Amino acid sequence: MAEREVLEELGFTKREIKVYLAMLEIGSSTVGPIASKAGLQHSKVYETLDKLMKKGLASYVVVSKTKHFQPSDPKEILNVIEERKRRFNEILEDLERRQKAAQTRQIAVIHEGFKAYKAMFNRILDELTPQDYYWAFAFRNEYNNPTASLFLRNVHEKLAKKKIEDRLLGHVSMRKMIKKAFVGNRNIEIRFTKNETPLGTLVLKGRVIPMLWGENPTSIEIISDQVHEQYKNFFQELWDNAKE
């Protein structure tokens, strides 16, 4: 069920989800009916109820010396999420500092699969400022792929919203296809060359990212000032002699 998947993605255990959903359906109850509804042993239900109460998602009242447990309003889950965000923000700066320190030692990072591909682009788009640039050697036939074309068009539209310098250099044989893919985007500058170029390669500050689309999109993020400078100079040389 959708709610189980969402709750699990939010960090709740399967046992916590079973017990909480069981309580929502039953209402105030002793452990027995909850255990039966959730399909768990009584001892496991007690352990799980204790965890839910610590999170503020369950409580109990004593009736005739017997505990009756009841769920908190589902909206309380939003407070749990906000508390997690608050606690995470307390350590975020330290995590980012560690990441930056590690990046100075890294040579290449492989992003394999569409989710990793998308996460990489989201990070890049988040980090770029109007003082940065986004230069790309164009793909070839990927612009005929509806999924790839839509994804790339969305990336360049986000660059436009952030007013990032956006250059795309493609082979003359791809002029019609590339122009069609980015029609209406006034931010992107597109030029074409007769020279052979690296395909699907990004040139960003301090890094170069060759990309492959296909059934399993993969990119290799090369973090190197030296490699970046070589690609940047090569791109600029071709760009200066290319035509719109």
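Rule-based calculations on the coordinates, nothing more; no lab input. Quick caveat: nothing in here was measured; it's all calculated off a predicted structure. All Cβ positions, glycine included, derive from the backbone under ideal geometry; neighbour counts span all protein chains shown.
Need the C-alpha centroid separation for the stretch 108-169 versus the stretch 32-59, integer Å.
Computed from Cα coordinates, the inter-centre distance equals 46 Å.
Quick one: angle between helix 114-127 and the longest Cα principal axis of the chain, in degrees between 0 and 90, rounded to 10, please.
Result, in degrees: 70.
Looking only at the stretch 98-217, where both bridge partners belong to it, what percent of the DSSP beta bridges are antiparallel (to the nearest 5)?
40 percent
Anyone know which of K158, K65, K75 comes out most mobile in the 10 Å Cα GNM of the chain?
Maximum fluctuation in the GNM of the chain, among the listed residues, is at K65.
Which of L92, L168, L24 moves most in a GNM of the chain, Cα contacts under 10 Å?
Among L92, L168, L24, the largest GNM mean-square fluctuation belongs to L24.
Arrange M174, M23 by Cβ neighbour counts within 10 Å, fewest through most, would you? Display every interim value, and only then the final one.
Values: M174 16, M23 24.
Ranked by crowding around the Cβ, least crowded first: M174, M23.
Taking the beta-carbon count within 10 Å as an exposure proxy, list M211, M120 from fewest neighbours to most. Kindly include the intermediate steps, with their values, before the conclusion.
On the way: M211 23, M120 18.
Placing the least packed residue first, the sequence is M120, M211.
To the nearest 10 degrees, how steep is helix 225-241 against the longest Cα principal axis of the chain, on a 0 to 90 scale?
With both axes taken from Cα atoms, the answer is about 50 degrees.
Relative to the longest principal axis of the chain, what angle (0 to 90°, nearest 10) does the C-alpha long axis of helix 42-54 take?
The angle comes out at about 60 degrees.
How many nm separate the modelled label positions at Q236 and S43, each set 7 Å beyond the Cα in the direction of the Cβ?
Roughly 7.1 nm, to one decimal.
Can you give the extra length, in nm with one decimal, that the chain gains between K176 and V109 once fully stretched, where that is 0.36 nm per residue apart less the Cα-Cα distance?
Numbers: separation 67, 0.36 × 67 = 24.12 nm, distance 3.33 nm.
Contour length minus the Cα-Cα distance gives 20.8 nm.
Specify which labelled value, from (1) 27.2, 105; (2) 26.2, 88; (3) 17.2, 52, agrees with Rg and Dmax of the Cα atoms in Å derived from the coordinates of the model shown.
Of the listed options (1) 27.2, 105; (2) 26.2, 88; (3) 17.2, 52, (2) comes from this structure.
So what is the 222 nm mean residue ellipticity for the chain from helices alone, if each DSSP H run of at least 4 adds -39500 (n - 2.57) and you divide by all residues, rounding to the nearest 500 deg cm²/dmol?
After summing the helix terms and dividing by the residues of the chain, the value is -16500 deg cm²/dmol.
In what order do I91, I81, I188, I220 fall by count of nearby beta-carbon atoms within 10 Å, going from fewest to most? Before the final figure, lay out the partial values.
On the way: I91 9, I81 12, I188 21, I220 15.
Exposure proxy ranking, most exposed first: I91, I81, I220, I188.
What's the extension gain from T13 to V63 if we count 0.36 nm per residue and subtract their Cα-Cα distance? All intermediate terms of the calculation are to be shown ahead of the outcome.
Numbers: separation 50, 0.36 × 50 = 18.00 nm, distance 2.91 nm.
Here the answer is 15.1 nm.
Cross-link partners among lysines for K67, C-alpha distance below 30 Å, same-chain residues fewer than 8 apart left out?
K14, K18, K37, K44, K51, K54, K55, K75
Would you work out if the stretch 106-241 is rounded, prolate or oblate? Take a ≥ b ≥ c from the square roots of the eigenvalues of the alpha-carbon gyration tensor; rounded if a/c is under 1.5, else prolate when a/b is larger than b/c, oblate otherwise.
Working: a/c = 1.24, a/b = 1.09, b/c = 1.14.
Here the stretch 106-241 falls in the rounded category.
Full-extension gain between T147 and N89, please, as 0.36 nm times their residue separation minus the C-alpha to C-alpha distance. If you can, show how the numbers build up before the last one.
On the way: separation 58, 0.36 × 58 = 20.88 nm, distance 3.43 nm.
Stretched fully, the T147-N89 segment lengthens by 17.5 nm.
Once you've got the GNM for the chain with C-alpha springs shorter than 10 Å, pick whichever of H111, H42, H156 has the biggest mean-square fluctuation.
H42
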